[in-house]
Structure formats: C-alpha cells, structure tokens
Amino acid sequence: MEPIIIPIVLGILLIILGVNNLKGNINSIHLYHRKRVTEEDKAAFGKLVGIGTIVCGVGCVLLGLCAGLTELLNQDIFVIIGSVLVVACLLVGLGTSFYAMFKYNKGIF
C-alpha cells in the first residue's frame, strides 16, 4: 500500500506548493533565489517555478496511480509506464524551474 500512497501524497503536496508559487507567493523558494529576483520579475519567476513544481507533482501522482494499477491488475508494465512518466515529468518540471532560475537569477548558484 505504501508504494501507492507515498508518491500520491508527495505529488499532492508538490502540486499545492506549485499552485502557491504560481499565484506569486515565492516564500517557499530558497532565500538566495528570492533575493536575486527583482520585484517586477517575482510574479513571472513564481509562475515558472510553480509550473515546474506542479509538473513534478503530477509525475509523482501518476507514479502512484501506476503502482496502484500494478497491484490491482498484477501487470508489471504499469511499473515501467509509471517510471517513464515520473522521469519525464521530473525532467520537464526541473527544466522549467532551472530555466526560471537562469532567466531571472542569472544562474542557479
């Protein structure tokens, strides 16, 4: 049961965090990144980071759903599908967040 619940709960938390960032509240982002973003760019920065976080969260939820289908239908193909989906979502989500950091912070460090 844990292989189903943990990724779904983590995904939901990431989606909530992403929606919060998407609305312009960037307090959950590391202080270093918040300091380097100008006041007029904060909304756009929060939007891009929020989208990236939401995409990562959706990938985690999909992984949990695929794990549930694996247990329900006893078909291992869903493990492969879930793994591919979560990796793809993480790459896109992290890529979007890193793009925002490079664009508005001029780097990630």
Worksheet item: Can you pull out the residues in segment 76-109 that are without any contact (Cβ under 8 Å) to a residue 12 or more places away in the chain, more than 13 Å from the chain's Cα centre (by Cα), over 25 Å from K35 (Cα atoms) and part of a helix (DSSP H, G or I)?
Response: I77, I80, V84
Practice prompt. For segment 65-74, state whether one or more residues are surrounded by fewer than 13 Cβ atoms within 10 Å (Cβ to Cβ) and modelled with pLDDT under 90.
Written response: no
Worksheet item: If we scan segment 78-100, do we find a residue that is in contact with a Ser or Thr (Cβ under 8 Å, 6 or more places away or on another chain), open to solvent by 40 Å² or more (accessible area, probe 1.4 Å), modelled with pLDDT of 90 or more and of a type in the set (V, I, T)?
Response: yes
Worksheet item: Has segment 22-43 got any residue that is of a type outside the set (D, E, K, R), part of a helix (DSSP H, G or I) and touching a Phe, Trp or Tyr at 6+ places or on another chain (Cβ under 9 Å)?
Response: yes
Item to complete: Go through I16, I5, I51 for me and flag whichever is at pLDDT 90 or above, closer than 27 Å to Y104 by Cβ, exposed (fewer than 14 other Cβ atoms within 10 Å of the Cβ) and out of contact with any Cys (no Cβ under 9 Å at 6 or more places or on another chain).
Response: I16
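The values are calculated or read from the model by the stated rules, or taken from the named source; none is laboratory data. Because the structure is predicted, anything quoted here is derived from the model rather than measured. Quick reminder, even Gly has a Cβ in these numbers, built from the backbone with ideal geometry, and neighbours come from all protein chains shown. Quick note on the areas: whole protein, heavy atoms, side chains included, nothing else; ligands and nucleic acids left out. Shrake-Rupley method; radii C 1.70, N 1.55, O 1.52, S 1.80 Å.
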